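Q: So that we are looking at the same thing, I have put the structure below in structure tokens.
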Amino acid sequence: MKRFFKRIFSLIFIITLGFLCYYYQDWFKEQYRHAKGVYYIFKGDQAYSADNMGKTLEFYQKGLELFPGHYEAWFNLGNIYAVYEDYYSAVDAYEHAIKAHPKFVMARMNLGIVYSDHLGFFDEAIEQYDEITKIDLFKLWIPYVYSNVKSIKGNRALAYYNKGIAFRRKALYLPIEKQHLVYEYLGHAKEAYDKAIEIIDNNQDFYYNRGVIHHLRGEYKDAGLDYCKAIELEPMNFEGHYNLAVLLRRINKNREAISELEKAAILISENSNSTELQTAYIFNLLNEVSRRFITSNEFYTEKLTDEPSGSISYTYVNGRIVADEEFDKAMYNNFKTCAGYSYFSEERY
């Protein structure tokens, strides 16, 4: 009896499956195409890991022909095109990813970066960043297991930050007949950085770039405070020290400018990514400010004595004298100190 019922149920299942396949054959064909497309995309991922770009593009294109709604594949394809500087193809791929998944934040972010940084389409970039800030993603927080709250928050702050960069680029690339709009666009950039800092208040890049905006707008005290905050957050980044030195030179704070230029010179000389031109420029600027300082009324000669100014201990390592941890700490604190802070922080009225 049990065998009889099993056969009946098997027969019913086969008939039902045949009925579904006949009446929904288009759906089944589509699922087959999708499965085949996913297979090609998987092969593309493997080719990418093997650094075979020709095969990667071939497999991705085959996969997306079969499964055009695979937004992650479009996103990966866009990244590949962007790396190889085929920016218009990258734009097309990112747009396909967004069409398939309108809330795909990283596709919009990368599309905005390509628009702004490589194609000069600043309004289109700003539109993408604005869309990111409007996307309301579901926040999930499971203690000690999973949380996407931080990433959602970080992406929103990054969108405002990139929006600020786009507005700054837009301001600086304006044609002569529209130069009267520079101050306005820089103001929009500042507002974007303000919002980024409201979300994340300990990011060096946010403060440094807002300082650049204040600097360009002639708001020197605000610029100085932002540069100082950037230096406090990342003392060993030469850019903050260098821009602060340029600002101090502009307002004739030559003694303080020399202090920051010396720090920038030390840091850039130890930076393997710096160019000889950058290093030479900083040292030339240091020499120029030093000459200005010597010929100004600020110059003075300190009295030299044989008395030690402080106790600094050293350690021998492989026959060489190196500073100990206390000295390293003192140097770090020195780089963290912002020359001219008292001037920038005094009342503005």
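The values are calculated or read from the model by the stated rules, or taken from the named source; none is laboratory data. What you see is a predicted model; the values in this text were computed from it and never measured. Counting neighbours? That spans all protein chains shown, and the Cβs are built from the backbone with ideal geometry, glycine included. Accessible surface areas use protein heavy atoms only, side chains included; no ligands, DNA or RNA. Shrake-Rupley method; radii C 1.70, N 1.55, O 1.52, S 1.80 Å.
Q: Under the condition of being among the β-branched types (Val, Ile, Thr) and closer than 21 Å to ASP130 by Cα, which residue from segment 177-229 is farthest from the chain's Cα centre (by Cα)?
A: Of everything passing the filter in segment 177-229, VAL182 is farthest from the chain's Cα centre (by Cα).
Q: Looking at the structure I just gave you, is ILE199 more than 22 Å from HIS241 (Cα to Cα) and touching a Phe, Trp or Tyr at 6+ places or on another chain (Cβ under 9 Å)?
A: yes
Q: While we're on this one: Checking the structure you have, find out if any residue of segment 105-114 is touching a residue at least 40 places away in the same chain (Cβ under 8 Å), open to solvent by 40 Å² or more (accessible area, probe 1.4 Å) and over 21 Å from LEU174 (Cα atoms).
A: yes
Q: Within segment 194-220, count every residue that is in a helix (DSSP H, G or I) and at positive phi.
A: The total comes to 0.
Q: Here are some residues: PHE59, PHE122. Which one is under 30 Å from TYR32 (Cβ atoms), of a type in the set (A, V, I, L, M, F, W, C) and either at pLDDT 95 or above or surrounded by 15 or more Cβ atoms within 10 Å (Cβ to Cβ) (or both)? Walk me through how you get there before you give the answer.
A: Values: PHE122 fails: under 30 Å from TYR32 (Cβ atoms).
The match here is PHE59.
Q: Return yes when LEU174 is surrounded by 12 or more Cβ atoms within 10 Å (Cβ to Cβ), in a helix (DSSP H, G or I) and without any contact (Cβ under 8 Å) to a residue 40 or more places away in the chain and no when it is not.
A: Details: surrounded by 12 or more Cβ atoms within 10 Å (Cβ to Cβ): yes; in a helix (DSSP H, G or I): no; without any contact (Cβ under 8 Å) to a residue 40 or more places away in the chain: yes.
The answer is no for LEU174.
Q: Follow-up. State whether one or more residues within segment 216-239 are among the aliphatic types (A, V, I, L, M), farther than 18 Å from SER345 by Cβ and buried (at least 17 other Cβ atoms within 10 Å of the Cβ). Walk me through it before giving the result.
A: Narrowing segment 216-239 to residues among the aliphatic types (A, V, I, L, M): 216, 223, 225, 230-231, 233, 236.
Still in the running and farther than 18 Å from SER345 by Cβ: 216, 236.
Pick out the ones that are also buried (at least 17 other Cβ atoms within 10 Å of the Cβ) and you get 216.
Yes; the residues of segment 216-239 include at least one that is among the aliphatic types (A, V, I, L, M), farther than 18 Å from SER345 by Cβ and buried (at least 17 other Cβ atoms within 10 Å of the Cβ).
Q: A further question follows. Please note which helices (runs of 4 or more DSSP H) are completely contained in segment 227-311 and include at least 1 residues that are at pLDDT below 65.
A: 276-295
Q: Which numbered condition trips up TYR183, out of (1) over 19 Å from ASN162 (Cβ atoms); (2) hydroxyl-bearing (Ser, Thr, Tyr); (3) open to solvent by less than 50 Å² (accessible area, probe 1.4 Å)?
A: (3)
Q: Among the residues of segment 65-90, write down those that are more than 11 Å from ALA107 (Cβ to Cβ), open to solvent by less than 60 Å² (accessible area, probe 1.4 Å) and in contact (Cβ under 8 Å) with a residue 24 or more places away in the chain.
A: LEU66, PHE67, GLY69, HIS70, ALA73, ILE80, ALA82, TYR87
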